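Q: Just passing along the structure, written as structure tokens.
The values are calculated or read from the model by the stated rules, or taken from the named source; none is laboratory data. Computed from a prediction, not measured in an experiment: that's the story for all the values here. Every residue, glycine as well, gets a Cβ built from its backbone with ideal geometry; the counts of neighbours run over all protein chains shown. We work out accessible area using only protein heavy atoms, side chains counted, and drop any ligands, DNA or RNA first. Shrake-Rupley method; radii C 1.70, N 1.55, O 1.52, S 1.80 Å.
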Amino acid sequence: MAHLLNTSFIPSSSSSPTLRPRNPTILIQTRRPPTRIVAKIREIFMPALSSTMTEGKIVSWMKSEGDKLSKGESVVVVESDKADMDVETFYDGYLAAIMVEEGGVAPVGSAIALLAESQAEIADAKSKAASSSSSSEAETTNSSAESVSPTVAAAAAPPQVKEAASLSLSLSTHPASEGGKRVVASPYAKKLAKELKVELGRVVGSGPSGRVVAKDVEAAAAAAAVSVGPTAAEAASVAAKSVGIELGTVVPFTTMQGAVSRNMVESLAVPTFRVGYTFTTDALDALYKKIKSKGVTMTSLLAKATALALAKHPVVNSSCRDGKSFTYNSSINIAVAVAMDGGLITPVLQDADKVDIYSLSRKWKELVDKARAKQLQPQEYNTGTFTLSNLGMFGVDRFDAILPPGTGAIMAVGASQPTVVATKDGRIGMKNQMQVNVTADHRVIYGADLASFLQTLANIIEDPKDLTF
């Protein structure tokens, strides 16, 4: 479900009716001056798309400045800490001014665009956006350590560089240059210009009030690539190759990595303990081979088995958030960790104990596809009550997992491997075995609780007939 943009309105003017004293015995009817209806300019805010989101990145604007919008229409795609999401407008109107360009980042609750109620208000909205942009750019410039005087820079340069510097300053005459002192550009445009080695002073901006945006930088870089000689082209090729991973550089967190970092730090405040267990998986492996052709995955089988065990041990499916009480969750929602490029996300199989294994497997495939396309909705990743983390497919035989905040336990699953074991009759045999380690919140769950839960799970895995019903 798409999310609605939070907006507030800025009236261009206001009028208040005059209050007159009323005679207690004589009611005198007075004629008020006609109230002038004032069109509204609304601020479109960066929405909070998850409980952990503190800022969002504009992936793309689906509408352009001047386009008419209807309530419920998708306007912008925002990258939250978990997924890319289409965001809808809550009001009818016109997209008057875009304040955060594509690629730009804005804190939750800050204005990213202005919505005009009528076309007549668009010009007023653009001027408001331009003044807001100029003031924020001025603050950024004043606080930046890179604000060096052009005179000092020219004095320190050799003669050839002095000529180039003076020529550069004289060419900066477009609206974004503000008299040649600096270039007004979006943060993403500045970053892109640095990567592509484009001089912002020579780029004519197409954004509000001549502001340089990302597409202007890309166009300038493309034009430069056409006009450069072979030596410059070779240098550009080398620079492009080094964009991937450059050793020795400091790389800021992506939105998702920042959210993971915050969650991991938060989890350190929870007192946890760990319990390990070894399952014999011969019967589970045989079942998997039998129904694999029907689209069933091992992840779905493990999620289903875990959910059935949790149904018998509700305390392991509980959660403590305030340190003073805990909740017996009414649903068993199994979150499964999925590695993504630049992060980690946990799609949720909701009511896993009640859904049949075939539907559960289809749902899991759908969730993984949406996760990798960054299209998960909040309820598809933030409603887990118990988490699975499976590294068995990589040959990892055992590991510990960190407890996600707001949940009671997480189970780390290793690979199923042939193991020499002693049978009950004293003989030596070969069995497939899998090791798991469960990390739990010790404020709510105790050692005996986990031991009993793992015994129940072992019985289900070693005799998995109930998994297909």
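Q: Does any residue of segment 374-386 turn out to be on the phi > 0 side of the Ramachandran plot and open to solvent by less than 70 Å² (accessible area, probe 1.4 Å)? Steps first, answer last, please.
A: Pass one, segment 374-386, residues on the phi > 0 side of the Ramachandran plot: 374.
Next, from what is left, pick out any that are open to solvent by less than 70 Å² (accessible area, probe 1.4 Å): 374.
Yes, segment 374-386 contains a residue that is on the phi > 0 side of the Ramachandran plot and open to solvent by less than 70 Å² (accessible area, probe 1.4 Å).
Q: Additional query: Within segment 433-442, is even one residue in contact with a Gly (Cβ under 7 Å, 6 or more places away or on another chain), part of a strand (DSSP E or B), open to solvent by less than 80 Å² (accessible area, probe 1.4 Å) and small (Gly, Ala, Ser)?
A: yes
Q: Name the residues in segment 456-469 that are in contact (Cβ under 8 Å) with a residue 40 or more places away in the chain and out of contact with any helix residue (DSSP H, G or I) (no Cβ under 7 Å at 6 or more places or on another chain), would you? I'd like the intermediate steps shown before the answer.
A: If we filter segment 456-469 for residues that are in contact (Cβ under 8 Å) with a residue 40 or more places away in the chain, which is where we start, we get 456-458, 460-464, 466-469.
Scanning segment 456-469 gives Ala458, Phe469.
Q: Could you give me the residue pairs with C-beta distances under 9 Å whose first residue belongs to segment 372-386 and is farther than 18 Å from Asp353 by Cα, whose second residue is in a helix (DSSP H, G or I) wherever it lies, and which are 6+ apart or on separate chains?
A: Note: pairs meeting the criteria are Lys374/Met256; Gln375/Asp369; Leu376/Leu367; Leu376/Lys370; Gln377/Lys370.
Q: Scanning segment 362-415 for residues that are among the charged types (D, E, K, R) and in a helix (DSSP H, G or I), which turns out farthest from Met256 (Cα to Cα)?
A: Initial filter on segment 362-415 (among the charged types (D, E, K, R)): 362-363, 365-366, 369-370, 372, 374, 380, 397-398, 400.
Of the ones still in play, those that are also in a helix (DSSP H, G or I) are 362-363, 365-366, 369-370, 372, 380.
Working: Arg362: 26, Lys363: 23, Lys365: 22, Glu366: 21, Asp369: 17, Lys370: 15, Arg372: 13, Glu380: 16 Å.
Among residues in segment 362-415 that are among the charged types (D, E, K, R) and in a helix (DSSP H, G or I), the one farthest from Met256 (Cα to Cα) is Arg362.
Q: Take the residues in segment 332-364 that are out of contact with any strand residue (DSSP E or B) (no Cβ under 8 Å at 6 or more places or on another chain) and polar (S, T, N, Q); name whichever of them is least open to solvent (accessible area, probe 1.4 Å). Reasoning before the result, please.
A: Within segment 332-364, the subset out of contact with any strand residue (DSSP E or B) (no Cβ under 8 Å at 6 or more places or on another chain) is 339-343, 350-351, 353-354, 356-359, 361-362.
From the residues that got through so far, the ones that are polar (S, T, N, Q) too are 350, 359, 361.
Numbers: Gln350: 82, Ser359: 38, Ser361: 3 Å².
Top of the filtered list is Ser361.
Q: To continue, here is another question. Would you check which residues across segment 275-284 are assigned to a helix (DSSP H, G or I) and either aromatic (Phe, Trp, Tyr) or open to solvent by less than 30 Å² (accessible area, probe 1.4 Å) (or both) and list them? Quick ask: steps written out before the conclusion?
A: Going through segment 275-284, the residues assigned to a helix (DSSP H, G or I) turn out to be 282-284.
Result: Leu284, single match.
Q: Select from segment 258-274 the residues that are outside any strand (DSSP E or B), over 19 Å from the mean Cα position of the chain (by Cα) and farther than 19 Å from Lys324 by Cβ and list them in ascending order.
A: Hit for segment 258-274 is Leu268, nothing else.
Q: Considering Val260, Val265, which residue is open to solvent by less than 100 Å² (accessible area, probe 1.4 Å), in contact with a strand residue (DSSP E or B) (Cβ under 8 Å, 6 or more places away or on another chain) and at pLDDT below 95? Give the steps one after another, and end with the answer.
A: On the way: Val265 fails: in contact with a strand residue (DSSP E or B) (Cβ under 8 Å, 6 or more places away or on another chain).
Just a single option satisfies the conditions, and that option is Val260.
Q: Taking the options Val100, Val108, name whichever one is modelled with pLDDT of 80 or more and closer than 30 Å to Thr383 by Cα.
A: Details: Val100 fails: closer than 30 Å to Thr383 by Cα.
Within the list Val100, Val108, the selection yields Val108.
Q: In addition: Looking at (1) over 39 Å from the mean Cα position of the chain (by Cα); (2) modelled with pLDDT of 80 or more, find the lone condition where Pro33 falls short.
A: Checking Pro33 against (1) over 39 Å from the mean Cα position of the chain (by Cα); (2) modelled with pLDDT of 80 or more, the one that fails is (2).
Q: Which one of Gly406, Gly447, Gly392 is touching a Phe, Trp or Tyr at 6+ places or on another chain (Cβ under 8 Å) and small (Gly, Ala, Ser)? Write out each step before concluding.
A: On the way: Gly406 fails: touching a Phe, Trp or Tyr at 6+ places or on another chain (Cβ under 8 Å); Gly392 fails: touching a Phe, Trp or Tyr at 6+ places or on another chain (Cβ under 8 Å).
Checking each option against the conditions leaves just Gly447.
Q: If you don't mind, there's one more thing I want to ask. Please verify whether segment 245-256 includes one or more residues that are modelled with pLDDT under 95 and either over 25 Å from the mean Cα position of the chain (by Cα) or under 15 Å from Leu360 (Cβ atoms) (or both).
A: Going through segment 245-256, the residues modelled with pLDDT under 95 turn out to be 245-256.
Keeping just the survivors that are either over 25 Å from the mean Cα position of the chain (by Cα) or under 15 Å from Leu360 (Cβ atoms) (or both) gives 247-248.
There is at least one residue in segment 245-256 that is modelled with pLDDT under 95 and either over 25 Å from the mean Cα position of the chain (by Cα) or under 15 Å from Leu360 (Cβ atoms) (or both).
Q: Within segment 395-424, count every residue that is more than 15 Å from Thr280 (Cα to Cα) and either at pLDDT 95 or above or touching a strand residue (DSSP E or B) at 6+ places or on another chain (Cβ under 8 Å) (or both).
A: Of the residues in segment 395-424, 15 are more than 15 Å from Thr280 (Cα to Cα) and either at pLDDT 95 or above or touching a strand residue (DSSP E or B) at 6+ places or on another chain (Cβ under 8 Å) (or both).
Q: Quick one: is Leu367 over 21 Å from the mean Cα position of the chain (by Cα) and open to solvent by less than 50 Å² (accessible area, probe 1.4 Å)?
A: Details: over 21 Å from the mean Cα position of the chain (by Cα): no; open to solvent by less than 50 Å² (accessible area, probe 1.4 Å): yes.
The answer is no for Leu367.
Q: Tell me which residues, restricted to segment 291-306, are assigned to a helix (DSSP H, G or I) and in contact with a helix residue (DSSP H, G or I) (Cβ under 9 Å, 6 or more places away or on another chain). Don't jump to the end; show me each part of the working.
A: From segment 291-306, those assigned to a helix (DSSP H, G or I) are 291-294, 298-306; that's our starting set.
Scanning segment 291-306 gives Ile291, Lys292, Lys294, Met298, Thr299, Ser300, Leu301, Leu302, Ala303, Lys304, Ala305, Thr306.
Q: If you check Gly109, Gly72, Gly103, Gly66, which single one turns out to be open to solvent by less than 30 Å² (accessible area, probe 1.4 Å) and assigned to a loop (DSSP other than H, G, I, E, B)? Even if it seems obvious, please write down each step before you answer.
A: Working: Gly109 fails: open to solvent by less than 30 Å² (accessible area, probe 1.4 Å); Gly72 fails: open to solvent by less than 30 Å² (accessible area, probe 1.4 Å); Gly66 fails: open to solvent by less than 30 Å² (accessible area, probe 1.4 Å).
Unique residue meeting the criteria: Gly103.
Q: Residues to consider are Gly447, Gly392; find the one that is under 30 Å from the mean Cα position of the chain (by Cα), open to solvent by 10 Å² or more (accessible area, probe 1.4 Å) and closer than 21 Å to Ala309 by Cα. Steps first, answer last, please.
A: Details: Gly447 fails: under 30 Å from the mean Cα position of the chain (by Cα).
The unique qualifying residue is Gly392.
Q: Inside segment 310-361, can you point out the residues that are of a type in the set (Lys, Arg) and assigned to a helix (DSSP H, G or I)?
A: Taking segment 310-361 and keeping what is of a type in the set (Lys, Arg), we get 312, 321, 324, 354.
Passing the criteria: only Lys312.
Q: Which ones in segment 176-191 are open to solvent by less than 20 Å² (accessible area, probe 1.4 Å) and either at pLDDT 70 or above or under 29 Å from the mean Cα position of the chain (by Cα) (or both)?
A: Val184, Ala185, Ser186, Ala189
Q: Oh, and also: Mind checking which pairs have a first residue in segment 343-356 that is charged (D, E, K, R) and a second that is part of a loop (DSSP other than H, G, I, E, B) and buried (at least 18 other Cβ atoms within 10 Å of the Cβ), Cβ under 9 Å, 6 or more apart or different chains?
A: Asp351/Ile332; Asp351/Asn333; Asp353/Ile332; Lys354/Ile332
Q: What number of residues within segment 40-54 are at pLDDT 80 or above and either under 23 Å from Glu380 (Cα atoms) or open to solvent by less than 20 Å² (accessible area, probe 1.4 Å) (or both)?
A: Adding up the residues that qualify gives 4.
Q: Then there is this: Is there a residue being of a type in the set (Lys, Arg) and open to solvent by less than 10 Å² (accessible area, probe 1.4 Å) anywhere in segment 295-305?
A: Our first condition is that a residue be of a type in the set (Lys, Arg); within segment 295-305, this holds for 304.
Of the ones still in play, those that are also open to solvent by less than 10 Å² (accessible area, probe 1.4 Å) are 304.
Yes; the residues of segment 295-305 include at least one that is of a type in the set (Lys, Arg) and open to solvent by less than 10 Å² (accessible area, probe 1.4 Å).
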